[in-house]
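Worksheet: the structure to be examined is printed underneath.
Laboratory data are not the source of any read-out in this text; all were calculated from the coordinates shown. Just so it is clear, the structure is predicted and the values come from calculations on it, not from any experiment. Cβ coordinates were reconstructed from backbone atoms using ideal geometry, including for glycine residues, and neighbour counts include every protein chain displayed.
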Amino acid sequence: MLLVKNLTKHFQIGFIRKKHVFSLDGVSFFLKKGELAHLVGANGSGKSTTLKIIMGLMKQDAGEIFFEEKLLTEKDRKNIAYLPEKIYPFLSLTPEEYLSFFLSYSRAFLGKKNFAKEIKYSLLWAELQKERWQIPLKFLSKGSRKKVLWAEVFLSQAKLFILDEPFCDLDESFRLKTLSWIEQKRKEKESSFLLCTHYREEFFLNPSQVLFIENGRLK
């Protein structure tokens, strides 16, 4: 399903005495269809950088990424659902507008333009109060914004789900609901998950593999 091979990323710091600092140093792993992998590490260890490179939000300095046995392309990323830790670029949109934008992009091949019923269903599933559906995201709490991101994931028809700190800022009842949803998707054995989190709930998911990353290297 997903093969990450020798992924390397470094940043240059300093103005006079310039120094290269590795964020990722030869990271490699393989995720099979139907598997769930946890990427575990401290803040600044390279977890989010790895996910952002896979999603094309950041470019690697070296290494390759394969999806379904071929080099990952931008077209392939329509088959990958990404839940970022935060929802920075679209804060001026309402939850309904944000999800409509997402569906218009991810399902453009269908030629469908009205996704109102699906959006309503996803927001109800995400337990976001109806009075917040038409309020710009910038005015919503962190927990409500995260629920909108989960509504997006719920709507996705992806083969691979990449979740960065997916349980952060969620209330207990909805956190348990998302854990149950992941377990159900795994039972169907059609989707794979790469999950990055600090929460202990991850171990209840019985991962296929746990990837420990420290200073940009897998241990």
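So what's the net charge close to Leu149: Lys and Arg +1, Asp and Glu -1, counting the other residues with Cβ under 12 Å from its Cβ?
Local charge sum for Leu149: 0.
Could you check the simple spin-label distance between Gln209 and Asn79, using points 7 Å along Cα→Cβ, in nm with one decimal?
About 1.9 nm separates the two model spin labels.
In degrees between 0 and 90, to the nearest 10, how far off the longest principal axis of the chain does helix 172-188 point, with axes built from Cα atoms?
That works out to roughly 70 degrees.
Cross-link list Lys142/Lys177; Lys52/Lys189; Lys32/Lys75; Lys9/Lys187; Lys47/Lys70; Lys59/Lys177: which exceed 29 angstrom alpha carbon to alpha carbon? Kindly include the intermediate steps, with their values, before the conclusion.
Values: Lys142/Lys177 18 Å; Lys52/Lys189 25 Å; Lys32/Lys75 20 Å; Lys9/Lys187 35 Å; Lys47/Lys70 23 Å; Lys59/Lys177 34 Å.
Checking Cα-Cα distances, Lys9/Lys187; Lys59/Lys177 exceed 29 Å.
Name the residues whose placed amide hydrogens come within less than 5 Å of the amide hydrogen of Leu36, ignoring near sequence neighbours (fewer than 5 apart) on the same chain.
Result for Leu36 returns Phe193, Ser208, Gln209.
Calculate how steeply helix 95-106 sits against the longest principal axis of the alpha-carbon atoms of the chain, using the helix alpha-carbon long axis, and give the answer as 0 to 90 degrees to the nearest 10.
Taking the Cα atoms of the chain, the angle to 95-106 is about 60 degrees.
Stretched out fully, how many nm does the piece from Leu124 to Glu69 gain, at 0.36 nm a residue minus the Cα gap? List each step's numbers first, then the result.
Values: separation 55, 0.36 × 55 = 19.80 nm, distance 3.68 nm.
Extra length from Leu124 to Glu69 when fully extended: 16.1 nm.
Compute the length gained on full extension between Gln134 and Asn43: take 0.36 nm times their separation in residues and subtract their Cα-Cα distance, giving the result in nm to one decimal.
Working: separation 91, 0.36 × 91 = 32.76 nm, distance 3.40 nm.
Taking 0.36 nm per residue and subtracting the Cα distance, the gain is 29.4 nm.
First check a/c for region 117-219, with a ≥ b ≥ c the square roots of the eigenvalues of its C-alpha gyration tensor; if it is under 1.5, answer rounded, and if not, answer prolate when a/b is larger than b/c or oblate otherwise. Intermediate results must be reported in sequence, preceding the final value.
On the way: a/c = 2.13, a/b = 1.55, b/c = 1.37.
Prolate, since a/c reaches 1.5 and a/b exceeds b/c.
Under 1.5 on a/c is rounded, so check that first for region 77-168, then, if it is not, pick prolate when a/b is larger than b/c and oblate when it is not; a ≥ b ≥ c are the square roots of the alpha carbon gyration tensor eigenvalues.
On the way: a/c = 1.65, a/b = 1.17, b/c = 1.41.
Since a/c reaches 1.5 but b/c is at least a/b, the shape of region 77-168 is classed as oblate.
May I ask for the Rg/Rh ratio of the chain, computed from Cα atoms with Rh as the Kirkwood radius, given to two decimals?
Values: Rg = 17.8 Å, Rh = 18.3 Å.
Checking Rg against Rh, the ratio lands at 0.97.
Counting other beta carbons within 10 Å of each Cβ, put Trp181, Trp133, Trp150 in order, fewest first.
Trp181, Trp133, Trp150
Sort Tyr82, Tyr105 so that the residue with the fewest other Cβ atoms within 10 Å of its own Cβ comes first and the one with the most comes last.
Numbers: Tyr82 22, Tyr105 9.
Ranking Tyr82, Tyr105 by Cβ neighbours within 10 Å, fewest first, gives Tyr105, Tyr82.
Compute the angle between helix 116-125 and the longest alpha-carbon principal axis of the chain, please, reported from 0 to 90 degrees and rounded to the nearest 10.
Relative to the chain, helix 116-125 is tipped by roughly 70 degrees.
Using alpha carbon centroids, what distance separates region 118-189 and region 65-93, in Å?
16
Let me know the charge dipole size of the chain about its Cα centre in debye, to the nearest 20, where only the beta-carbon of Lys, Arg (+1) and Asp, Glu (-1) is charged.
On the way: 37 positive and 26 negative charges, 81 e Å.
Dipole about the Cα centre, nearest 20: 400 debye.
Arrange the following residues from fewest to most other Cβ atoms within 10 Å of their Cβ: Ser180, Ser48, Ser28. Walk me through the intermediate numbers first.
On the way: Ser180 10, Ser48 20, Ser28 13.
Ascending Cβ contact count within 10 Å gives the list Ser180, Ser28, Ser48.
Can you give the calculated 222 nm mean residue ellipticity of the chain, where each DSSP H run of n ≥ 4 adds -39,500 (n - 2.57) and the sum is split over every residue, rounded to the nearest 500 deg cm²/dmol?
Numbers: 5 runs with 61 residues, N = 219.
Helix-only estimate at 222 nm: -8500 deg cm²/dmol.
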